[in-house]
There are 2 protein chains.
Amino acid sequence: MSLVVVGSVAYDGVETPHGRVDKMLGGAATYIALSASYFTQTRIVAVVGDDFAPEDEALLTDHGIDLEGLERVPGKCFYWAGKYTPDMNDRETLTTELNVFADFQPKLPESYRLARYLMMGNIQPALQRDVRAQMKNPRLAGGDTMNYWIHDHRDELLKTIAGWDFLLINDHEARMLSGESNLRKAANKIMEMGPHTLVIKRGEFGAMLFRKDSYFIVPGYLLDDVFDPTGAGDCFAGGFIGYLAEHGFSLDGDHISRGMLSRAVIYGSVMGSFCCERFGVERFRTLERSEIDARFEEFRKFTSF
Amino acid sequence: MSLVVVGSVAYDGVETPHGRVDKMLGGAATYIALSASYFTQTRIVAVVGDDFAPEDEALLTDHGIDLEGLERVPGKCFYWAGKYTPDMNDRETLTTELNVFADFQPKLPESYRLARYLMMGNIQPALQRDVRAQMKNPRLAGGDTMNYWIHDHRDELLKTIAGWDFLLINDHEARMLSGESNLRKAANKIMEMGPHTLVIKRGEFGAMLFRKDSYFIVPGYLLDDVFDPTGAGDCFAGGFIGYLAEHGFSLDGDHISRGMLSRAVIYGSVMGSFCCERFGVERFRTLERSEIDARFEEFRKFTSF
């Protein structure tokens, strides 16, 4: 079933211990949509400037991604540049140029509004709420956020996630949002804010899924080399929601089992791991669904006892 | 089958965000033996001073631990005091008084030498080698070490672990010992140094097991409260080797399956998690085997998909 993805389509400059790229396709919506496109029909809502390159557009359309909701306006695309620490568990932002993204007002094409799945990348909480309101009757709606909104726009964010089915954030954000350092306690507090399903991403250490009466934890995939972690969290989100959409899962009531959600977390982890194998979106130029399913089985092998 | 544990029996002073204890029973051999005692007949080789309290001895004998190899000499027990960081992922050593431990020369009683399992806590590599030589024909011999020996006594340590079946260390130590930051590469290098089985402990993030042709990763148990992580790594070691000894497993050739080793890692994780629930060895005053097996099943539940 079809999935609407809202967020940034951008250009990034990235430096890791493995090298440096000054300008490459990036943005949360790009990563989420590329990742989800392996599982389900994916539709993007975003804004780009007139520097958005035809070859970058082609990468998205080659993955069958619907760009009817990709607004094009005069100016330049959102640009972010950052540099990773040697262990790549942290990064420093060098440049943020909002450009056309500064006035982004997401408008969902009519054909998008009946989609059953909605994944909102990290943008202003007020815009996320507005997007959610434009959807007719999604089975599953949720998204991501970041420290800036948690810290400086807390009330706005709380109003927004109160209407979400699921929230995907990292461990630092979960601690900041809840005020609890223990992740089990943090999860319980966050689920009281609205989302009945919470995924906490832990980078190289894996991910956790919490619901009111159960939880699931998976370690991270052990890569031979991490070239560039940019977008890994968004690819996780794309694999997670993509798998649920592929199977038409609903989280209403008890229509979804812990097993289904756990497998969605594994597919999220698989997609995040592939993302790190090359710079930026490069890995998605060659990645095949069969490789994804093989890595899913590898997860089963190295975690079962 | 019986297990010989070599290391320190000591007193610790510990401060965590949950409180402070100035003097309590501790030491690697204490934690390893208490943990392993739930699985198999356990015999300690260590040295204590004349301040070793009868009630602390009673805790060990109440767990059926053989103290024939516990040497008693004039002077005071080894004493260590440390303070944990607020997130308890790191600690600062405040005091180290070697006392009677300074002249420790482990001597295995005749009745210990035929034991089939040997677990050496973190002591001088030369002493570990000497202990290994005193054992007649163990099925499984291995142990732990720490940054100090890796950094300042590398040659001695390499000579020692060359004769081990297994090595249990934490992720920082694995990186230091191998010179590789990637843990998969680190594991491959370390296995070339001798041990055919390597366990890398990652604190709250769980543990990994590596053999030449397979690996296994488990996330950490999610505790409601971590009171005191002191001894958790040693309790992991005790659960790991204890489970293998309980079932008479051998690592020679292919006599042991990945499944058996994985379950040993889970039992190690279970014992490490219990250790953190109270200060020092307190949890072992009440812990029952049924609780251990129940937590093992909980691991299966929150990791399976």
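The values are calculated or read from the model by the stated rules, or taken from the named source; none is laboratory data. Because the structure is predicted, anything quoted here is derived from the model rather than measured. Backbone-built Cβ (ideal geometry, glycine too); neighbour counts: all protein chains shown.
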From B:186, B:232, which residue is out of contact with any strand residue (DSSP E or B) (no Cβ under 7 Å at 6 or more places or on another chain), at pLDDT 95 or above and more than 22 Å from residue A:203 (Cα to Cα)? B:232
Residue check, residue A:223 against (1) over 18 Å from residue A:169 (Cα atoms); (2) aliphatic (A, V, I, L, M); (3) surrounded by 18 or more Cβ atoms within 10 Å (Cβ to Cβ), all met but one. Which one? (3)
Hey, any hits in segment A:53-61 for a residue that's in contact with a Leu (Cβ under 9 Å, 6 or more places away or on another chain), closer than 16 Å to residue A:271 by Cα and modelled with pLDDT of 95 or more? no
Note on residue B:239: of the conditions (1) within 14 Å of the chain's Cα centre (by Cα); (2) more than 22 Å from residue A:304 (Cα to Cα), unmet is (2)
Would you call residue A:157 touching a residue at least 40 places away in the same chain (Cβ under 8 Å) and either in a helix (DSSP H, G or I) or within 13 Å of chain B (Cβ to nearest Cβ) (or both)? no
So the strands (runs of 3 or more DSSP E) completely within segment B:4-115 holding 1 or more residues that are within 19 Å of residue B:132 (Cα to Cα) and touching a strand residue (DSSP E or B) at 6+ places or on another chain (Cβ under 7 Å) are B:42-48, B:66-72
Residue that is more than 14 Å from chain B (Cβ to nearest Cβ), surrounded by fewer than 23 Cβ atoms within 10 Å (Cβ to Cβ) and of a type outside the set (Gly, Ala, Ser), where the choices are A:124, A:128: A:124
Considering only segment A:160-175, how many residues are surrounded by 15 or more Cβ atoms within 10 Å (Cβ to Cβ), over 19 Å from residue A:238 (Cβ atoms) and either more than 14 Å from chain B (Cβ to nearest Cβ) or in contact with a Pro (Cβ under 7 Å, 6 or more places away or on another chain) (or both)? 2
Output for segment B:185-218, where each listed residue is within 9 Å of chain A (Cβ to nearest Cβ) and loosely packed, with under 15 Cβ neighbours inside 10 Å: B:214
Residue B:237 versus (1) in contact with an Asp or Glu (Cβ under 7 Å, 6 or more places away or on another chain); (2) of a type in the set (Gly, Ala, Ser); (3) within 14 Å of another protein chain (Cβ to nearest Cβ): which is the lone unmet condition? (3)
Candidates B:273, B:290, filtered to the one that is touching a residue at least 12 places away in the same chain (Cβ under 8 Å), polar (S, T, N, Q) and not in a loop (DSSP other than H, G, I, E, B): B:273
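Kindly indicate whether residue B:25 is farther than 29 Å from residue B:293 by Cβ and not hydroxyl-bearing (Ser, Thr, Tyr).
Taking the combined requirement at face value, the residue does not satisfy it.
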Quick one: which residue in B:114, B:108 is surrounded by 17 or more Cβ atoms within 10 Å (Cβ to Cβ) and over 24 Å from residue B:230 (Cα atoms)? B:108
Report whether or not residue B:43 is at pLDDT below 95 and within 23 Å of residue B:145 (Cβ to Cβ). no
Given the options B:68, B:110, B:57, name the one that is closer than 30 Å to residue B:140 by Cβ and in contact (Cβ under 8 Å) with a residue 40 or more places away in the chain. B:68
Give A:281, A:265 a once-over and let me know the one that is of a type in the set (Val, Ile, Thr), within 13 Å of another protein chain (Cβ to nearest Cβ) and at negative phi. A:265
Would you mind finding the one in B:108, B:157, B:118 that is farther than 12 Å from residue B:45 by Cα and at pLDDT 95 or above? B:157
Of the numbered conditions (1) within 8 Å of chain B (Cβ to nearest Cβ); (2) closer than 28 Å to residue A:23 by Cα, residue A:232 satisfies every one except a single condition; which is it? (1)
Residue A:191: among the hydrophobic types (A, V, I, L, M, F, W, C) and without any contact (Cβ under 8 Å) to a residue 24 or more places away in the chain, yes or no? yes
